[in-house]
Amino acid sequence: MHTLRARRCWMFDMDGTLTVPVHDFDAMRRELGLPSGVGTLEGLAALPLEERERRRVLLDEIGWRYVAQARPQPGAIELLGTLHARGARLGVVTRNARRNTVATLEKIGCARWFAALDVATRDDGPAKPAPDPVQRLLAGWGAAPADAVMVGDSLYDMQSGRAAGATTVLLDPGGASEHRGLADHCVNDLSELLALLS
């Protein structure tokens, strides 16, 4: 874990990583009229342009409803505070909309650690699992992938971080995620990750 301690650029997924998971993606797909088993953004991308835009607005509205339910993941505030105190660069890489992301970070008490330019959302260009959002943050920081860590709880997080050349950390509370093979490190919770950095 000494390699993690040396990293100066940390990127975090938001929903389910910095927050306690609340999103019901199956229900979201049903409301959006998308087939099961596909990502919401991928499902929308397959639609004709006019219909895609209409449902994209609905997706933003659905996401806004979840903001009120947002709670910080145990250990998130302590981890971010410690990394900030050590001088690390901190960013968010999320498939959520910018308005929802900013409001959620405020709600969970974590907004203070993320500059606006260090928050990459689906409104900013290609989203995870593409490496683009991780690469954009690194370019803005003038940093190399070898100095970066991507922390998340999903396949998309691991794919995006790995494709960008960052070290990947999977938050896997149950210890049984099928995506563990794509992670360089797996932790049960963020407090465990913080302990590894001590």
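Taking the condition touching a residue at least 12 places away in the same chain (Cβ under 8 Å) and either assigned by TED's automatic domain parsing to the domain that holds Asp172 or over 29 Å from Asn188 (Cα atoms) (or both), does Val93 pass?
yes
Give the residue, chosen from Asp124, Asp60, that is of a type in the set (Asp, Glu) and outside the structural domain of Gly33 (by TED's automatic domain parsing).
Going through Asp124, Asp60 in turn, just one is of a type in the set (Asp, Glu) and outside the structural domain of Gly33 (by TED's automatic domain parsing): Asp124.
Residue check: is Asp15 within 16 Å of Arg122 (Cα to Cα), surrounded by 13 or more Cβ atoms within 10 Å (Cβ to Cβ) and within 15 Å of the chain's Cα centre (by Cα)?
Numbers: within 16 Å of Arg122 (Cα to Cα): yes; surrounded by 13 or more Cβ atoms within 10 Å (Cβ to Cβ): yes; within 15 Å of the chain's Cα centre (by Cα): yes.
Yes; evaluated as a whole, the condition is true for this residue.
Could you give me the residue pairs with C-beta distances under 9 Å whose first residue belongs to the range 171-198 and is within 14 Å of Leu83 (Cα to Cα), whose second residue is part of a loop (DSSP other than H, G, I, E, B) and of a type in the set (S, T, N, Q) wherever it lies, and which are 6+ apart or on separate chains?
Leu190/Thr17; Leu190/Gln73
Please tell me if Thr101 is of a type in the set (Ser, Thr, Tyr) and touching a His at 6+ places or on another chain (Cβ under 9 Å).
Spelling it out, it is not the case that Thr101 is of a type in the set (Ser, Thr, Tyr) and touching a His at 6+ places or on another chain (Cβ under 9 Å).
I'd like the full set of residues that are in contact (Cβ under 8 Å) with a residue 12 or more places away in the chain and either of a type in the set (Val, Ile, Thr) or under 22 Å from Gly109 (Cα atoms) (or both), limited to the range 47-58.
If the condition is that a residue be in contact (Cβ under 8 Å) with a residue 12 or more places away in the chain and either of a type in the set (Val, Ile, Thr) or under 22 Å from Gly109 (Cα atoms) (or both), then no residue fits.
Let's see how each residue does on (1) under 14 Å from Met14 (Cα atoms); (2) aliphatic (A, V, I, L, M):
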residue	(1), (2)
Lys107	yes, no
Cys110	yes, no
Asp147	no, no
Gly152	yes, no
Arg162	no, no
Pro173	no, no
Ser177	no, no
Val187	no, yes
Ala195	no, yes
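Can you confirm whether Ser160 is surrounded by 22 or more Cβ atoms within 10 Å (Cβ to Cβ) and either outside the structural domain of Leu83 (by TED's automatic domain parsing) or touching a residue at least 40 places away in the same chain (Cβ under 8 Å) (or both)?
Yes: the conditions hold for Ser160.
Which ones in the range 7-46 are free of Cβ contacts under 8 Å to residues at least 40 places away in the same chain and either at positive phi or of a type in the set (A, V, I, L, M, F, W, C) (or both)?
Once the filter is applied, which keeps residues that are free of Cβ contacts under 8 Å to residues at least 40 places away in the same chain and either at positive phi or of a type in the set (A, V, I, L, M, F, W, C) (or both), the range 7-46 yields Phe25, Ala27, Met28, Leu32, Gly33, Leu34, Gly37, Val38, Leu44, Ala45, Ala46.
Restricting attention to the range 171-198, report how many residues are among the polar types (S, T, N, Q) and surrounded by 17 or more Cβ atoms within 10 Å (Cβ to Cβ).
Counting residues in the range 171-198 that are among the polar types (S, T, N, Q) and surrounded by 17 or more Cβ atoms within 10 Å (Cβ to Cβ) gives 1.
The values are calculated or read from the model by the stated rules, or taken from the named source; none is laboratory data. The structure presented is a predicted model; accordingly, all values stated were derived computationally and were not measured. Note that each Cβ is placed from the backbone with ideal geometry, even for glycine, and that neighbours are counted across all protein chains shown.
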